[in-house]
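Input: a single structure, listed below in structure tokens.
FYI, it's all coordinate maths here, none of it is from the lab. Just so we're clear, the structure is a prediction, and the values are computed from it rather than from any experiment. Positions of Cβ are backbone-derived with ideal geometry, glycine not excepted, and every protein chain shown enters the neighbour counts.
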Amino acid sequence: MNLSLENKRALICGSTQGIGFAIAQELALLGASCILLARNEDALKKAITHLDEGLGQRHEYIVADLAHETDLRSKIDAQLKHGSIHILINNSGGPPPGPVLDACRAPPPTLQASRAKSGGTLVTELRGAGWIPDSGQGKEGELRHRRYFDKASAVPSH
């Protein structure tokens, strides 16, 4: 089975440490050019130096906070001028499990909810650029948010 991601671009949110960084490392090993997105530029600069470039990948980063929707929108628009984004890892601690387009609806007013809403903005922006299809409920290829662990209990959730 060919798992090559050569000539693919991946946008990974929350990618300077933990699972986001581990995902970025694995995508780079598979050949993807990674765009790291996080709030801390120093951490982004450090993280990007640890991504594999053996297949000619060109890694970049975006300094942004998902809670700041206008700033996020302009930075994603600028990034899309450099080419399509083929893979989105929204590791923002965002919305509950469900269809990703539901993240665009207004969540409860908390910082986490604000980031979740901007995660929805991210998806809306990318969908508007034509690379996320409007696949409809339950069809193959539908993008979904997944929460793998409930933070309060550290028990896998479904």
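Summing +1 for each Lys or Arg and -1 for each Asp or Glu among the other residues whose beta-carbon sits under 10 angstrom from that of R9 gives +1. The length gained by stretching the chain between M1 and V63 to full extension, at 0.36 nm per residue less their Cα-Cα distance, is 18.8 nm. Maximal additional length on extending the I19-L55 stretch stands at 10.7 nm, based on 0.36 nm per residue less the C-alpha distance. Give me the distance in nm between label points sitting 7 Å out from Cα along the Cα-to-Cβ direction at S74 and K46, one decimal. If labels sit at S74 and K46, their model points lie 2.9 nm apart. In terms of the mean number of neighbouring beta-carbon atoms within 10 Å, the peptides 23-35, 44-56 order highest first as 23-35, 44-56.
Here the extension length gained between E26 and I87 equals 20.7 nm, from 0.36 nm per residue of separation less the Cα-Cα distance.
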